[in-house]
Structure formats: structure tokens, C-alpha cells
Amino acid sequence: MTYACGDSVGCLRENIPGPVPVICVLVGDLMRVLILILAAVMLLFLPSGCNSSGESSYNRYTESIFDTFDTLVQVVIYAESEEEFREYFSALHDRLKELHRLYDIYNSYEGINNVKTINDNAGIRPVEVEQEIIDLINFSRQWSDKTGGNVNIALGPVLEIWHFYRQEALFDPENAQLPPMEDLLEANLYTDLDRVLVDEENMTVFMPEREMSLDVGAVAKGYALQLAVDELIQNGLESAIISAGGNIRTVGSPKDGERDLWGIGIRDPDASVMAGTEDILDVIYLESGSVDTSGDYQRYYIVDGEMAHHIIDPNTLMPANYYRAVTVVANGSGPADFMSTALFLLPYEESLALVESLEDFEALWVMPDGEVRTTVGMEQKLRSHGATNTRQ
Ligand code: ADP
Ligand code: MG
């Protein structure tokens, strides 16, 4: 889907006493089917349905969604009955499916104008779209302005070339190549976000040149998660943790009568494909909020022994190489997803200055040599600095 781009590694750690259930997901190009099967098998070993939980009147229910955003969505909800859980779960599933179709850049759907429809009609005609698409474009433009413009959803022509070469490499790894710079430079002539024309009155989007295209892979999954979960909260959801690939959203605190805070594992970028407990770099403890990671290991191919990953610096048109990974904590998962990519694309001093200039963000950077740097606020949330699942 949209996220052909967004294939990602997320690691959701429910940090409860006893045998620790660790749900790690890796969804990469070739690995996707295998891993989804593996994940399904892993789920068999997790407490299914509900667990009785301490003295709380709430029970813990878990379920997974396999058919949205090309990633495994894992849902843990504390609810007072299975029926209540089912209502939240099916509302979430339906909404994510709907948003997935709207934000998809690779597939068309009968009766729906989605981001692919906008791309297909670049240089031809304005396309009438749903409010959710206009909102996503406005959100992306606003955050692009706030963060210096490196994350640009109009970078589609450049990202398509990288996508093509990555796909080729999957089928013929021996002959994997980097895209020719002249092709990238030519494509980059058609990546001006200001030329993505949104007509709010007529609810249309138009890109005036045939070569233009949108790629919403850096933002849409987090944005969709935020919309869907906010709607559940409006309908009464009080306690949940939801992981969509690298994007994790928590609601309230875990109503298990024991913990105040959720524990979320940050994956070690050097971890093996089949991540387990040992592959967790650290654990973030938080109440309501969002955590998102952008990493070089989430989608890549190898050329002459070097990793060519999926987050492209618009200044060099090459993969950014400042970090192995950047993890962001924020209030909303839309901003968290956007910011993890934006911070990944800036050298450390600028990346740090950007987080510090904005409210409500904390960040953790894994440098190329494995060194971990954090904002002060992030440090206070980390297990390695003494944080636990109870409020201090
Ligand atoms: P993931 O989706 O794997 O969690 P990100 O949120 O960092 O990781 O998004 C990476 C995706 O964003 C890429 O696969 C690509 O589709 C898109 N992308 C890459 N570079 C840029 C960029 N400079 N601006 C906008 N989108 C980008
Ligand atoms: Mg992102």
C-alpha cells in the first residue's frame, strides 16, 4: 500500500510481571509474508482473548489486524467486557481499512478517489477527494514548513526511482545498483510541494505536471492511527496500546491494577531479523502518547556491501546517513511519525535544536557507531535511567 514505503519494524513491549510478552514485528519487502506468518504463530503463544488482571474490573484483550498499511497492527485494550472490546476493535479495524484505501499510492479501489488517483491525474485534472486526504496534505505541508522542508510528500518522483531500484535488487541482489544521479536530478525537478494545489472549497487536489506524484509513506500511517484512535477515545476508550509497524499509540494507563505506565521497547538497529527480548535497546515508559521510530534497517537493500535505505535526503537525493535510527515520543502519532522522519534527515545539532524548539517532543538518536543520545525529557522515561512502569 501506500506504505510499500512504510514497511517497518516496530516493537511493542507490554511490560507486565511474569513471562514478558514481547511482540516484535518486522515487515520488509521479501520478508513480509514470512514474518506475518511468524507473527501469527507468535500470537498463539500470547495470552489470547483476555487475561484476568489483578484487582481491576478490566480485562486485557488482544487482537491483530493484518490487512492495513502493509504492516501488522497489534491491539491491546483493557475493557470491562469482551463485547466492549469487540466494539472498539471492529471500529478501529474498519477505520484503518478505510484510511488505508484513501492513502494508498499503489492500488486503486472501486468507487474511491485516493492518493493514487491524484497521482494518476497529475497534469490532467483536479481530483475530488475526501476530507481525510485534504487534511493529510494540509498536515504534511504545515509540518514540512515547521521542520525545514526535508520531509516532502511531493518527493514522489524521486522516491519512485529508489523504490524501483530496491525492487530490482530484491529479485537480483547480486546486481543491485544505486539509481543514476542524473535520473534522480531530473525527477527532482517535479517535487515542489507548493505546486500541490488543494482547493478546499471544491474538495479537489491537482498537481499541474504529469511527472509529479505524492508519496505519503513518511506520514500517513501515524496520521491514520491518530485519527482512528482519537475516534475511539471520543467513544469512551480509556486504556489501550496499539502498534502499527513502528508507530505506537497508548491511551490512558494500563488498567491492570498494577502498572501506571506502558512499556514500549525500542528495537536495537543491529538486532537480528527475528527480534526477541535481547534485541531491545531500551524501554520507554509513558502514559498516553505516541512513539515512532524511523530507522535505516526498516527498508533497505545492499549495494557493494553498503546499505541503501528508504529515507531520502532531498538535498543529496541519497539515503540520509546521520543515524541508524531516531525514536520520537509525542502526544499525537501524526506528529510523531512526521518528526521521526524529519529528525532522521538532519545532522545532530540541527536535529536536537529542532526537537527543542517544538513543544511536546522527546527524541532518542542511535548514531552510526551505536552511541545513543537523548533529550533530557526522553532520558527520564528510559528504563536504562531508572524509569519503571510505576509513576515515580
Ligand atoms: P517507516 O514508514 O518505515 O516507519 P518513515 O516514517 O521514516 O519510516 O517513512 C519512510 C518513508 O517515507 C519512505 O519509505 C518513503 O516512502 C518516504 N520518504 C522517504 N524519504 C522522504 C522524504 N525526504 N520526504 C518525504 N517522504 C519520504
Ligand atoms: Mg515517519
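Every number in this text was worked out from the coordinates using simple rules, so none of it is lab data. Quick caveat: nothing in here was measured; it's all calculated off a predicted structure. When we count neighbours, we look across all protein chains shown, and the Cβ atoms used for this are built from the backbone with ideal geometry, even at glycine.
For this structure, a couple of remarks:
- Sorting the segments 76-85, 320-329 by their residues' average number of neighbouring beta-carbon atoms within 10 angstrom, most packed first, yields 320-329, 76-85.
- Selection of GluC sites (Glu not before Pro), the stretch 125-229, meeting DSSP coil and at most 11 other Cβ within 10 Å: GLU200, GLU201
- By the rule of a C-alpha distance below 24 Å, with chain neighbours fewer than 8 residues away ignored, the lysines paired with LYS146 are LYS221.
- Sequence-distant lysines (8 or more away, or on other chains) whose Cα lies within less than 22 Å of LYS381: LYS255
- When each of the peptides 382-390, 250-258, 116-124 is scored by the mean number of other C-beta atoms lying within 10 Å of its residues, the order from highest to lowest reads 250-258, 116-124, 382-390.
- Scattering profile of the stretch 288-353 at q = 0.22, 0.25 Å⁻¹ [log10 I(q)/I(0), Debye over alpha-carbon scatterers]: -0.91, -1.08
- Area projected by the alpha carbon convex hull of the stretch 126-206, averaged over all directions, nm²: 6.8
- nm² value of the averaged projected area, convex hull over the Cα atoms of the stretch 173-306: 13.1
- Burial ranking of peptide ranges 340-349, 134-143 (average Cβ count within 10 Å, highest at the top): 340-349, 134-143
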